[in-house]
Each structure stands twice: as C-alpha cells, then as structure tokens.
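Presented below is the structure to which this report refers.
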Amino acid sequence: MATDALQTALFEFENPLLRAAAVGFSTPKPSLPLTLLAGILFEGWGLEGRLTDLGGERDSNTLVETEQGARYVLKVFSPEDGEDVRQLQHRAMRHLTQHSAVPTPALHPTLAGALEHPVPHNGDAPLFAALIDMMAGTAPQPDGSDAQMRMIGRSIGALQSGLSGLQHPAARRVLLWDQMNVLRLRELSALIADADLRLRVQRAMDHLEGRMDALAALPSAIIHNDLSPSNMLVDPVDPLRLTAIFDFGDLVEAPLINDIAIAASYFIRPAAPLAPQLACFVAGYEEHRRLGDDELAALPDALLSRLLLRLVIPLWRSTLFPANRAYLLRHFEAAQALAEPLLPPRSGPIHPPLRFSRSDLKGV
C-alpha cells in the first residue's frame, strides 16, 4: 500500500465514534516551556519548586519538587480530552481516596477551590492542568516470579473493589485502547512490516471475531484499563509491596477480566508456560472477588486482544509522531514475544489461543 493511501486509510474508520477517538490519538501531546508551567503552578496553587519533565504519551507530566520537600505531578491534559473525560479522572481519584485500600494519588484543588486550572497557550483547543501527588516508590520490574504475579492480581482486585460504585457517562466513550474495539482496528495491521507477523495478527483477529460477544457478556464496570509497570510503584526495599497505582486517563467501562489481561501482558514470561502464570494473577485477584467460569475461559482471548492492541496502536502512532517513535515503541518487541505463543499459525485451522479454566488453579 502506498504511503499516502495508507495514511489516508488510517483515518477512514467506518464508525463515526471511532473516527472521533482516532482524532484524539492523532493529536500531539502538549509541549509547554517550564517557565510557563512554573507560572501556572504559582497562579493556580501558590506553589514554587524545581520542575522536571516526566514525559508521557498524550499528556504533559511535570515533576514539582518544593523547598519543603513536597513532590507533585503537574499534569496538563491532552487538548482532545474534553471536560467529561477530565471529570471522570478527577472523580475516580477522589472516589479511590475515599473507598480504596490501594494507594492512589490525591488530587489537590486550586487556590480557587477548582479541580483544574486553565493553561494559556496558542493552540485552538483549551488546555487544563491538574496537580496530583507524586507517589513514592519505583516502577516494578517484571521478574517472572509467582509472588509478583500474585501481588499484581491482588492489587487489581483491590483496585476494582475501590472503583466499585463509580459511574460516569464518559466511561462509556469509544477508546482505542479498549480491548472491545480490537476488531475495529484491523486495518492498522497493514503497518506491520513483517509479512508473517502481519498475517498471523490478522488471523488472530479472525478468531476474536467469534469471541467478542462472549467477552461483551462478562461482568463489567469501570476499570483502570492501563495497568502496566509504568503506572504502578512498589517499595524499592520490598518490591512485593505496592505503593501506588496511578494514571487514570484510560478509564473505561469494560469487562473486569480485561484488567487482569492487561497486567498479564506486561508481567508474564514469554518463554514459560502461560496457564500457570495466569493462574497466579487469578489466585491473587480472587482474594477480593471470585471469577466465573466464563471469565476464566475468556481470559486468554482478553490477553490476546490486548497484545494485538499493543502491536498495532504504537505502530500507528509512531508513523504519526516519528519524533516520539522510541517512546511509543518501547514495549513493541516485548509485546511481540508475548503474543507469539497465542497467535495462530500462518495456515490451517484457527484454534483458541489457550484453554483456561478453574482446574488450572489447582496447586496455586
């Protein structure tokens, strides 16, 4: 496919809601000088301190360190995040502060009592900033241990318990990182340069076509939807003690099992048998809620769908923003290795990626 034709095709989604969601993913993250951010920090919250850019995929995140030793994150939201999406994040953080045993960052009101502060800039869409706690800890390093996977599963169960009861209409928006939209992104597989991998990804989508109704029928609620090591912190001395879960920009109403699949897509070892590893996540999770047999059976499909998103979306965004290519593709090779045992062969019958049931939990 010619480059021009491919670039055009990337935006020609049939579903108008999906087209709108794609626009948000094609918008560069805010790029603002630290001097401007320092002014916003003082005007909005009366604070001064040392500012350090933390990076980010869609938002601008800046570490604030005050002379008194306090540490915050000044977040400037993507201009494509409307007020409803921002309010969903604000409400979730406040809800978790009150109802969750999982450590999550507090949201700090402005001097005027608002939850966010406008950011002056030269763009067409308005920008808004929020100030949240910079949580203590280090990002967990996937080590392949049963204990780590069980801790992650336990944390997911506790987080979902804390989110229980939260409702907001923005959680039902179309989000490209929602596994339930994986089949709508089939055309993005054309970006996979390796012909063998491209064909197997497309055959995996063929398999999921017959499974999405079953996934959609599973118990659902608002989930975090982005439980990667980048959004978790652990105690550096005791890495099995979770110290924070943060970044609620991908909150969506979706099957609860998806959060387990998302975390598994980052923490499992590609060279080890998959079922025993999934069993560790499930065992930890079930300390908070027992999964149904239908949820257990759907877990491999939920994992496969997330891995497919982790392959096609970063490739797409890296073509849109080549300057940020290294950041956007930082997990691509790992996702490819994890997807390998789940992807169908180039030819022949397409079988389920893995059969998983309660019998796999025995001995965990």
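The values are calculated or read from the model by the stated rules, or taken from the named source; none is laboratory data. A quick note: this is a predicted structure, and the numbers were derived from the prediction, not measured. Ideal geometry is used to build each Cβ from the backbone, glycine not excepted, and the neighbour counts take in all protein chains shown. The protein model used for the area step is the full one, side chains on, heavy atoms only, and it has no ligands, DNA or RNA in it. Shrake-Rupley method; radii C 1.70, N 1.55, O 1.52, S 1.80 Å.
One table, with the values for the structure above:
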read-out	value
Cβ crowding within 10 Å averaged over residues, with 155-163, 240-248 ranked highest first	155-163, 240-248
Convex hull of the stretch 111-201 built on C-alpha atoms - directionally averaged projected area, nm²	12.0
Segment Asp213-Ala125, length gained on full extension (0.36 nm per residue, minus Cα span)	28.0 nm
Listed residues Asn225, Asn181, Asn258, most fluctuating in the chain (Gaussian network, C-alpha, under 10 Å)	Asn181
Spatial extent of the chain: Rg and Dmax, with the Cα atoms as the point set, Å	20.5, 65
Förster radius 25 Å - calculated FRET efficiency between Glu80 and Ala221, Cβ distance, rounded to 0.05	0.50
Carbon and sulfur %, accessible surface of the chain computed with the full protein complex present, 1.4 Å	52
Neighbourhood net charge (14 Å Cβ-Cβ; Lys/Arg +1, Asp/Glu -1) for Glu65	-2
Range in the chain, longest, excluding exposed GluC sites (Glu not before Pro) [loop by DSSP; at most 11 other beta-carbon atoms within 10 Å]	68-364
Percent of Cα pairs exceeding the 15 Å cut-off, where the set is the stretch 157-197	65
Most mobile of Gln148, Gln179, Gln98 in a GNM of the chain (Cα contacts under 10 Å)	Gln98
The stretch 20-172: translational diffusion in µm²/s, Stokes-Einstein, Kirkwood Rh over Cα pairs, 20 °C, 1.002 mPa s	125
Highest-fluctuation residue, Ala214, Ala114, Ala147 considered, GNM on the chain with Cα pairs under 10 Å	Ala114
Spacing of the two label points (7 Å from each Cα toward its C-beta) at Gln202 and Leu111, in nm	5.9
Debye log10 I(q)/I(0) for the stretch 310-351, one point scatterer per Cα, at q = 0.19, 0.28, 0.29, 0.31 Å⁻¹	-0.62, -0.89, -0.93, -1.00
Relative contact order (%) - the chain, alpha-carbon pairs under 8 angstrom, separation at least six	17
Separation in nanometres of the label points that stand 7 Å from Cα toward Cβ, at Asp53 and Ala326	1.2
The stretch 254-303: Cα Rg divided by the 2.2 N^0.38 Å rule of thumb	1.05
Relative pair counts by distance (%), Cα atoms of the stretch 193-262, 10 Å bins	17, 30, 31, 19, 3
Solvent-accessible area per residue, Å², over the chain with all protein chains present [probe radius 1.4 Å]	44
R0 of 22 Å, Cβ-Cβ distance Gln68-Leu34: FRET efficiency to nearest 0.05	0.65
